[in-house]
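As structure tokens, the structure follows; a few thoughts come after it.
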């Protein structure tokens, strides 16, 4: 399949902060995640400190925390990152949708194996959800693989 085109530009400082995972094709780490939140913080060296937390299996499940590091690999767009969970591998991480208010985003990968629909709030309205699911399908993902992530705060 053709390369997934990222957004034209990401203001990195504006993108930092908490993002609730609304839906995803889960990695093996994320299966059964509840209250999943990805937090980004800009390091002095330009890398992105990432803290991914969720409850495992239920809202009362064990709290899991992962801390990969992000590396912006496409300048000046800032929309393609390498995300490193294990040195030296940097996984493809593309910001393929970002609204003007930086309140909803979709992160994809060229392999179309994983995708994350995230928002600044733990829920989004159904119309916006449907619109973003359509976008995810339009870039080549199998929507039957996408799962809504339970959020209860």
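The values are calculated or read from the model by the stated rules, or taken from the named source; none is laboratory data. As the structure is a computational prediction, the values presented were derived from the model and not from experiment. Virtual Cβ from ideal backbone geometry, glycine too; neighbours counted across all protein chains shown.
Consider residue 127 carefully, then state whether it is surrounded by fewer than 17 Cβ atoms within 10 Å (Cβ to Cβ), over 13 Å from the mean Cα position of the chain (by Cα) and on the phi > 0 side of the Ramachandran plot.
On the way: surrounded by fewer than 17 Cβ atoms within 10 Å (Cβ to Cβ): yes; over 13 Å from the mean Cα position of the chain (by Cα): yes; on the phi > 0 side of the Ramachandran plot: no.
It is false that residue 127 is surrounded by fewer than 17 Cβ atoms within 10 Å (Cβ to Cβ), over 13 Å from the mean Cα position of the chain (by Cα) and on the phi > 0 side of the Ramachandran plot.
Looking at the structure I just gave you, is residue 14 within 14 Å of residue 93 (Cα to Cα), surrounded by fewer than 17 Cβ atoms within 10 Å (Cβ to Cβ) and touching a residue at least 40 places away in the same chain (Cβ under 8 Å)? Reasoning before the result, please.
Details: within 14 Å of residue 93 (Cα to Cα): no; surrounded by fewer than 17 Cβ atoms within 10 Å (Cβ to Cβ): yes; touching a residue at least 40 places away in the same chain (Cβ under 8 Å): yes.
So residue 14 does not fit the description; no.
Where residues in segment 31-50 are without any contact (Cβ under 8 Å) to a residue 60 or more places away in the chain and under 17 Å from residue 151 (Cβ atoms), which of them is farthest from the chain's Cα centre (by Cα)? Let's see the steps before the verdict.
First, pick out the residues of segment 31-50 that are without any contact (Cβ under 8 Å) to a residue 60 or more places away in the chain: 31-32, 37, 39-50.
Imposing the further condition that a residue be under 17 Å from residue 151 (Cβ atoms) reduces the set to 31-32, 37, 39.
On the way: 31: 15, 32: 16, 37: 9, 39: 10 Å.
If we take residues in segment 31-50 being without any contact (Cβ under 8 Å) to a residue 60 or more places away in the chain and under 17 Å from residue 151 (Cβ atoms), then 32 is farthest from the chain's Cα centre (by Cα).
Closer than 15 Å to residue 120 by Cα, modelled with pLDDT of 95 or more and either in contact with a strand residue (DSSP E or B) (Cβ under 7 Å, 6 or more places away or on another chain) or part of a loop (DSSP other than H, G, I, E, B) (or both), is that true of residue 49?
Numbers: closer than 15 Å to residue 120 by Cα: no; modelled with pLDDT of 95 or more: yes; either in contact with a strand residue (DSSP E or B) (Cβ under 7 Å, 6 or more places away or on another chain) or part of a loop (DSSP other than H, G, I, E, B) (or both): yes.
Considered against the rule, which asks whether it is closer than 15 Å to residue 120 by Cα, modelled with pLDDT of 95 or more and either in contact with a strand residue (DSSP E or B) (Cβ under 7 Å, 6 or more places away or on another chain) or part of a loop (DSSP other than H, G, I, E, B) (or both), residue 49 comes out as no.
Can you work out which of the residues in segment 27-41 that are touching a strand residue (DSSP E or B) at 6+ places or on another chain (Cβ under 6 Å) and at negative phi is surrounded by the fewest Cβ atoms within 10 Å (Cβ to Cβ)?
The selected residue is 41.
Give segment 55-71 a look and list any residue that's farther than 23 Å from residue 14 by Cα and surrounded by 14 or more Cβ atoms within 10 Å (Cβ to Cβ), or say none.
Scanning segment 55-71 gives 55, 56, 61, 64.
Would you call residue 11 over 21 Å from residue 141 (Cα atoms), modelled with pLDDT of 95 or more and over 15 Å from the mean Cα position of the chain (by Cα)?
Working: over 21 Å from residue 141 (Cα atoms): yes; modelled with pLDDT of 95 or more: yes; over 15 Å from the mean Cα position of the chain (by Cα): yes.
Criteria met by residue 11.
I need the strands (runs of 3 or more DSSP E) fully contained in segment 54-153, keeping only those with at least 2 residues that are free of Cβ contacts under 8 Å to residues at least 40 places away in the same chain.
Details: elements: 63-66, 69-72, 80-84, 91-98, 104-108, 115-119.
The strands (runs of 3 or more DSSP E) meeting that bar are 63-66, 69-72, 80-84, 91-98, 104-108.
Just to be sure before I move on: is residue 105 surrounded by fewer than 17 Cβ atoms within 10 Å (Cβ to Cβ) and either within 25 Å of residue 34 (Cβ to Cβ) or in contact with a strand residue (DSSP E or B) (Cβ under 8 Å, 6 or more places away or on another chain) (or both) in the structure I sent? Steps first, please.
On the way: surrounded by fewer than 17 Cβ atoms within 10 Å (Cβ to Cβ): no; either within 25 Å of residue 34 (Cβ to Cβ) or in contact with a strand residue (DSSP E or B) (Cβ under 8 Å, 6 or more places away or on another chain) (or both): yes.
Spelling it out, it is not the case that residue 105 is surrounded by fewer than 17 Cβ atoms within 10 Å (Cβ to Cβ) and either within 25 Å of residue 34 (Cβ to Cβ) or in contact with a strand residue (DSSP E or B) (Cβ under 8 Å, 6 or more places away or on another chain) (or both).
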